[in-house]
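This report refers to the structure that appears directly beneath it.
Please treat every number below as a calculation from the coordinates, not as lab data. This one's a predicted model, so the numbers in the text were calculated from it and none came from an experiment. Reconstructed Cβ throughout: ideal geometry from the backbone, glycine too, with neighbour counts over all protein chains shown.
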């Protein structure tokens, strides 16, 4: 049981202020858990959050290990150093919010404000890095939903027809003609080689003698999968036609990539929403005088923020390093 | 029993906070919390910085699995187990020190253990329908789903240098 359900005064000499005005002690029944209502509500909320993220992380793990193929982090243009940096940023913000709480408890309002502003800045930095990472996915046609996503699971006939359809778009035909007509001295060596390979791909996807292996070659030219173990620090691997000519935006093949995109954006997206909510709370708190009276509020906001950090502690290895 | 009662000099700990007349329960608890700060200030900036250093060190350790120094690159399971152990340690540090759970009374178990058990059940309940979904699949689906052979096919295409050979 908790010790404060019933309050019994004990130490008469030491804590003089425990007595009422008339020299006798007032006994009052203390209902509930020995913590403030705000903190109790925050902890109840956090216990629902544990289940919320457990469901998301659990489905990710179960989907990932039940899938016949799952893309390697480099196949989907994930950069581990960026993920590690974001982990570091979030850990730092956890420290600054806990220091803000300590300062507020010691009634050092301006120091608490400094730590709070720093927490806000670190959280914003985290979201900024996250946005940059999302941009890298979008630039490679990796979206969580179908009409925008250019990711195909395997180099089959559907993939071939999608490439053919993209190359047959009126705007694309004009653009390709423009590229074909550009004299060689106006192109870089990479673009000259790219143009030559692009021509061969255009023949391959329309040829009546097409072999199944041709489509794998097309997929490899459009966006190659970095080989296993090679170039662990490069992050982006070899150059494909989509990188040489960013306007091409051809469909690419990443085996297991569509499911990967769904889980990645769902997990990191919900986490980012939680970060955003925390930042709004911190921004509001930055307008307050953060003295000892506000310590309870800062503690509750801090509990929430540490939980957000906690989720990222599991997300980082599961998404970036597994 | 309160976690604080390990300290025999702490009268609040032995009997809980005393509510003064005209005070709400929340105010009592606020005062009690402040009294504890004075008594044995459980946080302490030094302790937080130590935990911070440990968290940074642990992050570096899990990052090690990605570096070329990691000796078990061919057995990913070793790395996974290692990273999960590191993550659980980091989570424990954050929960115990930053969330002050180490110094909280026993209500912490009431709120966290059932939620954690539910979390584990949730993940386990997904296994039959989702984790094992590809054990038996329709022929139609088998035709269209990605398989390890597709990855090999793409790698062969990358190694074949078919297009660059044609250029010469």
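Determine which residues of the stretch A:300-322 fall in the zone a paramagnetic label at residue A:82 would reach in this model, i.e. backbone nitrogen under 13 Å from the point 7 Å along Cα→Cβ.
It comes to A:320, nothing else.
Would you order A:25, B:86 from fewest to most other beta-carbon atoms within 10 Å of each residue's own beta-carbon? Could you put the intermediate results ahead of the total?
Working: A:25 17, B:86 21.
By the 10 Å Cβ count, ascending: A:25, B:86.
For the stretch A:61-150, state the semi-axes of the equivalent ellipsoid (square roots of 5 times the eigenvalues of the alpha-carbon gyration tensor), sorted largest first and rounded to whole angstrom.
One finds semi-axes of 38, 15, 11 Å for the stretch A:61-150.
Roughly what angle does helix A:170-181 make with the longest principal axis of chain A, taking Cα atoms, 0 to 90 degrees, to the nearest 10?
Tilt of helix A:170-181: around 60 degrees.
Could the peptides A:199-211, A:239-251 be put in order, highest first, of the mean number of other beta-carbon atoms found within 10 Å of their residues?
A:239-251, A:199-211
Just rank A:289, B:59, B:112, fewest to most, by other beta-carbon atoms within 10 angstrom.
Exposure proxy ranking, most exposed first: A:289, B:112, B:59.
What distance in nm lies between label points placed 7 Å from Cα along the C-beta direction at residue A:293 and residue A:158?
6.3
Relative to the first principal axis of the alpha-carbon coordinates of chain A, what is the inclination of helix A:257-286, with its axis defined by its Cα atoms, in degrees from 0 to 90 and to the nearest 10?
40
To test your reading of the geometry: what angle, between 0 and 90 degrees and rounded to tens, separates the Cα axis of helix A:109-139 from the longest principal axis of chain A?
So the helix axis and the longest Cα principal axis differ by about 20 degrees.
Does chain A classify as rounded, prolate or oblate by the C-alpha gyration tensor (a ≥ b ≥ c root eigenvalues; a/c under 1.5 gives rounded; else a/b over b/c gives prolate, otherwise oblate)?
Prolate shape, in that a/c is at least 1.5 and a/b is the bigger ratio.
For peptide A:152-165, compute the average count of partner chain beta-carbon atoms within 10 Å of each residue's beta-carbon.
Working: counts 2, 5, 10, 5, 4, 0, 1, 0, 0, 0, 0, 0, 0, 0.
Across A:152-165, the average partner-chain Cβ count within 10 Å equals 2.
Taking each residue of B:86-97 in turn, how many C-beta atoms of other protein chains fall within 10 Å of its C-beta, and what is the average?
4
Test of understanding: ordering A:169, B:104, A:133 by Cβ neighbours within 10 Å, fewest first, what list do you get? Display every interim value, and only then the final one.
Values: A:169 12, B:104 22, A:133 18.
So the ranking, lowest neighbour count to highest, is A:169, A:133, B:104.
Connecting C-alpha atoms closer than 10 Å in a GNM of chain A, tell me which of A:310, A:118, A:157 has the biggest fluctuation.
Its mean-square fluctuation being the largest, the pick is A:157.
Take every residue in peptide A:58-70, count the Cβ atoms of other chains within 10 Å of its Cβ, and give the average of those counts.
Average neighbour count from other chains, rounded to a whole number: 6.
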